[in-house]
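Right, one structure below, let's go through it.
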Amino acid sequence: MKDQNNKNHWEKIYHYIQPSELSWTEEVPYISLNQIQKMLLPKNAAIIDVGCGTSYFVDHLLKRGYTNITALDISETAITKVKTRLGSQADKVTWVVCDVIQFKPERQFDFWHDRATFHFVTNEAEIEKYISVARNAIGDHGFLSLGTFSTDGPSECSGLNVKQYNEESLINVFSPFFKKIWCVRHKHFTPFDKEQDFILCLFMHLAKIHPL
């Protein structure tokens with residue numbers, strides 16, 4: 001029942017609120033795009049945007065020539081809005097309507113992008129599920145890009161409680177399976193010019209030890 005309630009919550013959010021009215025909207029997600037550029041990912045790298053909502057990240061990836069993009073969100077309404085916005089370009093993206101902790105990937109990705117979904121995963125059992133899904137979905141030495149509210153950021157968002165992190169706590173959650181490349185504090189300004197404090201980290205997935 002909780003999963004269904006969670007889905008219903010986000011369906012209502014994306015049905016009644018326009019992207020320009022959502023606090024997390026960025027016209028140009030420049031930090032995320034710069035990460036990909038610095039990692040020198042090839043244009044055919046397998047990239048997944050987790051909790052894509054109605055963000056413009058996929059739009060910019062397509063404009064930059066990336067050809068192997070997956071977008072995942074719990075809300076079918078959000079994905080439908082992005083498909084409509086993209087028009088025929090939407091056919092170049094693989095779309096997945098799913099709660100991330102229930103995601104069963106059939107392939108592995110080179111770059112897992114989650115700008116503001118993980119902080120909604122608040123209990124320990126679901127956090128462990130998230131990490132397990134990410135470990136299975138990200139290839140050896142693939143990248144995990146994660147953004148959450150910092151300990152100085154909001155304690156709730158869209159009517160839901162969130163879990164706040166600092167650099168140390170976020171690193172601790174994902175070790176020993178992921179190694180930090182860098183972390184940075186980021187001041188995000190909402191479309192209505194309100195400041196929100198984020199912690200953004202980029203991790204590398206450490207190679208799995210395979211049995212002989």
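At-a-glance table
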{"quantity": "Verdict on A45 being under 23 Å from E106 (Cβ atoms) and within 15 Å of the chain's Cα centre (by Cα)", "calculated": "no"}
{"quantity": "Top-ranked residue of region 91-100 - restricted to ones that are under 14 Å from I69 (Cα atoms) and touching a residue at least 24 places away in the same chain (Cβ under 8 Å), ranked as surrounded by the most Cβ atoms within 10 Å (Cβ to Cβ)", "calculated": "V93"}
{"quantity": "Selection within region 89-120 - in contact with a Lys or Arg (Cβ under 7 Å, 6 or more places away or on another chain) and β-branched (V, I, T)", "calculated": "I101"}
{"quantity": "Among the candidates S32, S55, residue that is assigned to a loop (DSSP other than H, G, I, E, B), surrounded by 21 or more Cβ atoms within 10 Å (Cβ to Cβ), at pLDDT below 95 and within 12 Å of the chain's Cα centre (by Cα)", "calculated": "S55"}
{"quantity": "Filter pass, K63 being free of Cβ contacts under 8 Å to residues at least 60 places away in the same chain, under 13 Å from K92 (Cα atoms) and basic (K, R)", "calculated": "yes"}
{"quantity": "Where F103 falls short, out of the listed (1) closer than 22 Å to E11 by Cβ; (2) within 15 Å of the chain's Cα centre (by Cα); (3) hydrophobic (A, V, I, L, M, F, W, C); (4) surrounded by fewer than 17 Cβ atoms within 10 Å (Cβ to Cβ)", "calculated": "(4)"}
{"quantity": "Filtered residues of region 165-211 (kept if part of a strand (DSSP E or B) and closer than 11 Å to F149 by Cα)", "calculated": "Y165, R185, H186, K187, H188, Q196, D197, F198, I199, L200"}
{"quantity": "Criterion: surrounded by fewer than 16 Cβ atoms within 10 Å (Cβ to Cβ), small (G, A, S) and either under 16 Å from the mean Cα position of the chain (by Cα) or under 20 Å from L41 (Cα atoms) (or both) - qualifying residue of S88, S132, S75", "calculated": "S132"}
{"quantity": "Region 138-163 - residue that is surrounded by fewer than 16 Cβ atoms within 10 Å (Cβ to Cβ) and of a type in the set (S, T, Y) and, of those, nearest to N8 (Cα to Cα)", "calculated": "S158"}
{"quantity": "Condition met for R107 (basic (K, R), under 21 Å from F189 (Cβ atoms) and at pLDDT below 95)", "calculated": "no"}
{"quantity": "Complete set of residues in region 186-207 that are under 17 Å from the mean Cα position of the chain (by Cα) and either at pLDDT 95 or above or farther than 23 Å from Q18 by Cα (or both)", "calculated": "H186, I199, L200, C201, L202, F203, M204, H205"}
{"quantity": "Residue match in region 175-182 (condition: of a type outside the set (K, R) and free of Cβ contacts under 8 Å to residues at least 24 places away in the same chain)", "calculated": "yes"}
{"quantity": "One residue from K194, K179, K187, K163 being basic (K, R) and closer than 25 Å to L40 by Cα", "calculated": "K179"}
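Residue by residue, here is whether (1) at pLDDT below 90; (2) surrounded by 21 or more Cβ atoms within 10 Å (Cβ to Cβ); (3) among the aromatic types (F, W, Y) holds:
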{"position": "Q18", "(1), (2), (3)": "yes, no, no"}
{"position": "I47", "(1), (2), (3)": "no, yes, no"}
{"position": "T67", "(1), (2), (3)": "no, no, no"}
{"position": "A71", "(1), (2), (3)": "no, yes, no"}
{"position": "I79", "(1), (2), (3)": "no, yes, no"}
{"position": "V82", "(1), (2), (3)": "no, yes, no"}
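The values are calculated or read from the model by the stated rules, or taken from the named source; none is laboratory data. A quick note: this is a predicted structure, and the numbers were derived from the prediction, not measured. Note that each Cβ is placed from the backbone with ideal geometry, even for glycine, and that neighbours are counted across all protein chains shown.
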